[in-house]
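The values are calculated or read from the model by the stated rules, or taken from the named source; none is laboratory data. Note that the coordinates shown come from a computational prediction; the quantities given were computed from them, not determined experimentally. Ideal geometry is used to build each Cβ from the backbone, glycine not excepted, and the neighbour counts take in all protein chains shown. To get the accessible areas, we keep the full protein, side chains included, count just its heavy atoms, and leave off ligands, DNA and RNA. Shrake-Rupley method; radii C 1.70, N 1.55, O 1.52, S 1.80 Å.
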Amino acid sequence: MASFNLTPSDPSAFILTGIPGLQDAHIWISILFSMFYIIILLGNFMVLFIVSKEQTLHKPMYLLLCMLALTDINTSSSVIPKALCIFWFNLKSITVGGCLTQMFFLHAASVMHSAVLVIMAFDRYVAICNPLRYSTILTSTRVAKLGLVGLIRAVLFILPLPLLLKRQPFCTNRIIPHTYCDHMAVVKLSCGDITVNWMYGLVIAFVVNGLDLMLIALSYGLIIRALLRISSKRAHQKALSTCTAHICVILTSYTPSLFSSLTHRFSEGIAPHVHIILANLYFLVPPMLNPIFYGVKTKELRDKVGKYIHRK
């Protein structure tokens with residue numbers, strides 16, 4: 001496995017090496033990847049199926065869960081199938097067009113995922129701070145429109161990444177030491193001036209993550225302020241239970257995302273295989289855990305899942 005040929009038969013193609021330094025362990029790593037991917041598909045499609053079938057779950061909160069499930073399926077499906085082809089069949093070549101397309105979908109899905117988390121934070125704020133007006137402020141139609149705005153934002157922000165790269169001249173060495181076409185990994189293959197590409201990618205990372213995290217922090221700051229005015233411990237516990245799943249999703253989503261984005265730009269002291277494994281975990285762990293978090297913490301959804309399982 002260590003002596004594979006890295007020369008692309010098509011001079012316009014890139015070569016994805018997988019996880020450098022761990023080629024001999026690719027088969028074992030692929031077992032974990034495939035198990036995680038199966039769990040991701042089962043969990044998220046189950047959420048979509050149950051919410052679509054149960055009329056009582058046709059509410060804004062569960063519409064947001066469906067959006068989250070769709071983005072989770074999209075992000076993992078943009079990366080994992082190609083990674084498994086590398087691990088199992090040694091299919092390392094990918095065309096420039098295929099590489100840029102993969103880059104667009106995985107980064108756009110990540111930006112959309114962040115937008116959904118912001119809308120969820122707003123949903124929790126309204127549910128806790130304005131419960132009597134919740135049904136009038138957050139209707140399913142309004143949530144769908146907010147989701148559409150998040151999708152448009154993702155497309156507009158991410159589309160320039162592949163368009164800027166398409167104009168770049170690439171060097172003879174077209175080997176990408178990664179399992180997928182990450183933006184900065186492809187930028188480093190260019191022989192031209194990459195200042196605009198580098199800066200735009202950095203600005204997008206900080207604007208999207210920074211702005212979204214600020215809006216989420218604002219929502220939770222207002223929630224905490226509202227709770228401090230209430231002396232009832234039962235109300236505090238109910239609010240904490242309502243927000244726990246969302247907080248867990250935020251922590252598992254933003255932490256690896258920020259780490260991956262920064263280490264690609266400032267990665268002198270980090271071993272390549274460590275960075276690549278952690279980058280892949282971003283596409284595996286959050287999509288796998290999100291249905292579990294909400295399935296465990298949301299009684300109505302948990303009861304419906306139990307009903308379907310017992311029925312089968």
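Would you confirm whether any residue within the range 139-153 is in contact with a Phe, Trp or Tyr (Cβ under 7 Å, 6 or more places away or on another chain), outside any loop (DSSP other than H, G, I, E, B) and buried (at least 16 other Cβ atoms within 10 Å of the Cβ)?
Filtering the range 139-153 down to residues in contact with a Phe, Trp or Tyr (Cβ under 7 Å, 6 or more places away or on another chain) leaves none.
Checked against the condition, which is being in contact with a Phe, Trp or Tyr (Cβ under 7 Å, 6 or more places away or on another chain), outside any loop (DSSP other than H, G, I, E, B) and buried (at least 16 other Cβ atoms within 10 Å of the Cβ), the range 139-153 yields no hits at all.
Among (1) surrounded by fewer than 23 Cβ atoms within 10 Å (Cβ to Cβ); (2) over 28 Å from residue 235 (Cα atoms); (3) of a type outside the set (A, V, I, L, M), which single condition is residue 72 missing?
(1)
Looking at 69, 115, 83, 25, can you tell me which residue is part of a helix (DSSP H, G or I) and over 23 Å from the mean Cα position of the chain (by Cα)?
On the way: 69 fails: over 23 Å from the mean Cα position of the chain (by Cα); 115 fails: over 23 Å from the mean Cα position of the chain (by Cα); 83 fails: over 23 Å from the mean Cα position of the chain (by Cα).
Checking each option against the conditions leaves just 25.
Does residue 242 satisfy being in contact with a helix residue (DSSP H, G or I) (Cβ under 9 Å, 6 or more places away or on another chain), over 25 Å from residue 108 (Cβ atoms) and surrounded by 13 or more Cβ atoms within 10 Å (Cβ to Cβ)?
Details: in contact with a helix residue (DSSP H, G or I) (Cβ under 9 Å, 6 or more places away or on another chain): yes; over 25 Å from residue 108 (Cβ atoms): yes; surrounded by 13 or more Cβ atoms within 10 Å (Cβ to Cβ): yes.
So residue 242 passes the test.
Conditions: (1) more than 24 Å from residue 301 (Cα to Cα); (2) part of a helix (DSSP H, G or I); (3) open to solvent by 20 Å² or more (accessible area, probe 1.4 Å). Residue 91 meets all but one. Number of the miss?
(2)
Working carefully through the options 100, 164, 159, find the one that is surrounded by fewer than 14 Cβ atoms within 10 Å (Cβ to Cβ) and farther than 20 Å from residue 217 by Cα.
Details: 100 fails: surrounded by fewer than 14 Cβ atoms within 10 Å (Cβ to Cβ); 164 fails: surrounded by fewer than 14 Cβ atoms within 10 Å (Cβ to Cβ).
One residue alone meets the criteria, 159.
Which condition does residue 227 not pass, out of (1) free of Cβ contacts under 8 Å to residues at least 40 places away in the same chain; (2) open to solvent by less than 50 Å² (accessible area, probe 1.4 Å), if it passes all the others?
(1)
For a quick check of your reading of the model, give me the residue pairs whose first member lies in the range 292-312 and is among the small types (Gly, Ala, Ser), whose second is open to solvent by 40 Å² or more (accessible area, probe 1.4 Å) and in a helix (DSSP H, G or I), with beta-carbon atoms closer than 8 Å and at least 6 apart or on different chains.
295/302
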